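Below is one structure, written out as structure tokens, with a few remarks after it.
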Amino acid sequence: MATFLYRLGRGAFRRRGRVLLVWLGVLVAVAVGAMGAPEASDEEFSMPGIESQKAFDLMEERFPGTAADGATARVVFVAPNGQKVTAGDPRKAVEDAVRSLGVGPQVAGVADPFASGAVSGDGATAYATVTYTVESSDVTDADRAAVDAAVDRARAAGLTVETGGSAMDAGGGPDGTAEIVGLSAAAVVLLFTFGSLAAAGLPLLTAVVGVAVSLFGIVLLSGPLGLSSDTATLGMMLGLAVGIDYALFVVSRYREERGRGRAAEEAAGVAVGTAGSAVVFAGVTVVIALAGLSVVGIPTLTKMGLAAAGAVAVAVLVALTVVPALLGFWPDAVLARKARRARRSGAGDGVAGPRDRAAGGRDNLGARWARFVLRRPVAVLVLGVASLGALAVPMASLQLGMPGDEAKSTATTERRAYDALADGFGPGFNGPLTIVVDARGAADPRAAARTVGERIGGTDGIVSVSQARFNEAGDTAVFKATPSTSPTDEKTRTLVERIRSERPAVEAQASATYEVTGTTALNIDIAAKVQSALVPYLAVVGGLAVVLLLLVFRSLLVPVKAALGFVLSVLAALGVLVLVFQQGHAADLFGVAQTGPVMSLMPIFMMGIVFGLAMDYEVFLVSRMREAHTQGESAEQAVVSGFRHSARVVTAAALIMIAVFSGFVGEQGSLIKMLGFGLAAAVLFDAFVVRMAIVPAVLALLGERAWWLPAWLGRILPRVDVEGAALGHAGPGGRAPDPDGAVEARV
């Protein structure tokens, strides 16, 4: 692989114009396709195999067109203190607003609160539901403005009025702030790392190219595949982070090879053959982990994983081709200032700058840190493991769910509408349970549905049961059961379990079957399924890490150490996520408006992503150690050499990823906010605690045993040359290596 990538890097450097034209053509093609692509319709969340999904499917079958119903808007009216919405001026204001809400080309109808009984027991609160003939994505701004106008008139009459519902969600996705914050922070880190504007700008430029191609591609496929806005945001987040990092590794190795005296084209080839090999492996691990999310059985998760995997694959291709092509146009621009001055004065071809000379052999900060760890391996190991273990403890109280309007800021009208309904009608009003009764086998379907409703209505924790609604055939009924607790309350989950556990006795009495669904039940079922999949998925991902690293490092203990470190960093990141988003510690600092359960998809998604990112740092750092060890250095000295060459670059890469992910903490979407925070924490722990501290400490304790591999296993394992050993032993074209492992022939 190293030889192939070496030739690819030199070819891209030599034919730089063609390479850039090809990528420009690809970018233009996907951009034009995206602009002409139809808008994606609202993605319907589904999870095969759970009861709430089966009940929903039964409703689809027995009540045709249920899922095709249009968007809805809910307008909540609250009377001034001491007054009621049922009399006097408040009632007149509500009636005027309802008449205004019923006007509009897309409005199918408005449920009058006084006619439908949508008034609270104390008469202080009422709500009107507006239904539309189109889906929420197709509701026009004019129709939303009509709702706002009616609301403003009711407010002017003295009422407190708030709105919610799918029709009022204008979408829009990310506004670009997170990307700007991430790019700005990355630029600062790159400038400090390289000391060159060109060297700092090149990874940013190539990452933007890769993200643009990926984002346009996702938009192009959004309609046919039903991709959500979160899918595009996730692809942008990962594509930006890994795109900058992968280009950073190639540029850093190019500068190092130029500092050793290689000509520009040769240095580009070696950089792609060595650092590029690590990029390929790291990218493949991320792609495998993301694509592997499809085994969980959640279509939404599968789509997001595959789209993000595509963005990572594009980032890898850009790093292997566009980076050396741009280096071909400006071969000296990325060098340190002193190196460029030396070249202009004729002092040589690639004289190293101060940072490059440090990387070439002198002890820099990375080497000094490695020596510190090697002198105190037990203390560093115990401190690192204990720290991450302590942070992982809150993970034991992890609660999964799907936060809705209650998780939004109180500055939003959706959250205020949610609170007003909870105050007026009870906390369970915002998450009623939908009971689907299949009475095809009953002698009297209506009596059967009535029996089920009475039994469920008598369950502790249920405050009310609505009138049953039958399908045209009269053999299937649907009614609402309102809990006394909020949708995210643990008591609500227990209530759903109790209703289901009592089903055999109820069904025997009613001679009919029933199932529980609705948003609340669906979220409970999703959380249960994801939680049951966490440990198996973690075991699969950890096992995959061992196999992949076994191929790369041809060592038995190094992969096991890497996989255990990955598990530790993931658990610590999830523990911090629980501390902030679930328990509320430092919640204000991170803009968390309301504590509650962690998004159901978050832990398993984070495991897949962090697995790939953790392997990035493991490969880039440990491959340099192995490279030094295979060239004759002792196990201890190889650790120092690996840190001398890679610590600064890995540190910069980790800081860039943390900056990019942290920028998304400011997003409004709960999943993206949590994912940005969780990934930033995971990278922080994995890069700086696991890879920079625990890894060298473990290698110091293992000594030469770290690189041991049973002979029988060594014979059957294929050789994957990630560190570019083939280039060091004999360069392509028969070139002989120099004492530093560099090829003598110059291009």
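The values are calculated or read from the model by the stated rules, or taken from the named source; none is laboratory data. In this text, all values refer to a predicted model and were calculated from it rather than measured experimentally. Positions of Cβ are generated from backbone atoms using ideal geometry, with glycine treated the same way; all protein chains shown enter the neighbour counts.
Filtered by the rule that a residue be among the β-branched types (Val, Ile, Thr), part of a strand (DSSP E or B) and in contact with a Leu (Cβ under 9 Å, 6 or more places away or on another chain), the stretch 471-485 gives THR476, THR482.
Per the conditions (1) at pLDDT 90 or above; (2) surrounded by fewer than 18 Cβ atoms within 10 Å (Cβ to Cβ); (3) not hydrophobic (A, V, I, L, M, F, W, C), the sole criterion not satisfied by GLY361 is (1).
On the given criteria, is PRO331 of a type outside the set (Asp, Glu), under 22 Å from VAL250 (Cβ atoms), surrounded by 13 or more Cβ atoms within 10 Å (Cβ to Cβ) and at pLDDT 85 or above? Give the derivation first.
Details: of a type outside the set (Asp, Glu): yes; under 22 Å from VAL250 (Cβ atoms): yes; surrounded by 13 or more Cβ atoms within 10 Å (Cβ to Cβ): yes; at pLDDT 85 or above: yes.
Considered against the rule, which asks whether it is of a type outside the set (Asp, Glu), under 22 Å from VAL250 (Cβ atoms), surrounded by 13 or more Cβ atoms within 10 Å (Cβ to Cβ) and at pLDDT 85 or above, PRO331 comes out as yes.
Taking the criterion of being part of a helix (DSSP H, G or I) and more than 33 Å from the chain's Cα centre (by Cα), the residues of the stretch 107-144 that qualify are PRO113, PHE114, ALA115, SER116, ALA142, ASP143. Filtering ALA448, ALA396 for residues that are at negative phi, crowded, with 18+ Cβ neighbours inside 10 Å and assigned to a helix (DSSP H, G or I) leaves a single hit, ALA448.
Could you say whether any residue in the stretch 116-127 is under 20 Å from ASN81 (Cα atoms) and exposed (fewer than 15 other Cβ atoms within 10 Å of the Cβ)?
Initial filter on the stretch 116-127 (under 20 Å from ASN81 (Cα atoms)): 118-127.
Add one more test, that the residue is exposed (fewer than 15 other Cβ atoms within 10 Å of the Cβ), and what stays is 121-122.
Yes: the stretch 116-127 contains one or more residues that are under 20 Å from ASN81 (Cα atoms) and exposed (fewer than 15 other Cβ atoms within 10 Å of the Cβ).
Within the stretch 453-468, residues that are more than 15 Å from PRO427 (Cα to Cα) have Cβ atoms under 9 Å from residues that are assigned to a loop (DSSP other than H, G, I, E, B) and not hydroxyl-bearing (Ser, Thr, Tyr) in these pairs: GLY453/GLN467; GLY453/ALA468; ARG455/GLU502; ILE456/GLU502; THR459/GLU502; SER466/PRO432, counting only partners at least 6 apart in sequence or on another chain. Restricting the search to the stretch 130-149, which residues are touching a helix residue (DSSP H, G or I) at 6+ places or on another chain (Cβ under 8 Å) and not charged (D, E, K, R)? Selection gives VAL130, TYR132, SER136, VAL139, ALA146, VAL147, ALA149.
Residues of the stretch 526-545 include at least one that is in contact with a strand residue (DSSP E or B) (Cβ under 7 Å, 6 or more places away or on another chain) and surrounded by 18 or more Cβ atoms within 10 Å (Cβ to Cβ).
Would you check if there is a residue in the stretch 219-230 being buried (at least 24 other Cβ atoms within 10 Å of the Cβ) and either part of a loop (DSSP other than H, G, I, E, B) or β-branched (Val, Ile, Thr) (or both)?
So the first thing to find is which residues in the stretch 219-230 are buried (at least 24 other Cβ atoms within 10 Å of the Cβ), and the list is none.
Scanning the stretch 219-230, I find no residue that is buried (at least 24 other Cβ atoms within 10 Å of the Cβ) and either part of a loop (DSSP other than H, G, I, E, B) or β-branched (Val, Ile, Thr) (or both), so the answer is no.
Within the stretch 267-300, the residues that satisfy the criterion of being surrounded by fewer than 24 Cβ atoms within 10 Å (Cβ to Cβ) and either within 23 Å of MET402 (Cβ to Cβ) or charged (D, E, K, R) (or both) are GLY292, SER294, VAL295, VAL296, GLY297, PRO299, THR300. Residues of the stretch 86-133 being touching a residue at least 60 places away in the same chain (Cβ under 8 Å) and of a type in the set (Phe, Trp, Tyr), which ones? Selection gives TYR127, TYR132. Considering the conditions (1) modelled with pLDDT under 90; (2) within 30 Å of the chain's Cα centre (by Cα), ALA29 is excluded by exactly one of them, (1). All but one of (1) crowded, with 22+ Cβ neighbours inside 10 Å; (2) at pLDDT below 80; (3) within 28 Å of VAL213 (Cα to Cα) hold for VAL316, so report the exception by its number. Going through the list (1) crowded, with 22+ Cβ neighbours inside 10 Å; (2) at pLDDT below 80; (3) within 28 Å of VAL213 (Cα to Cα), VAL316 breaks only (2). Among the numbered conditions (1) buried (at least 22 other Cβ atoms within 10 Å of the Cβ); (2) more than 30 Å from GLY431 (Cβ to Cβ), the only one that LEU601 does not meet is (2).
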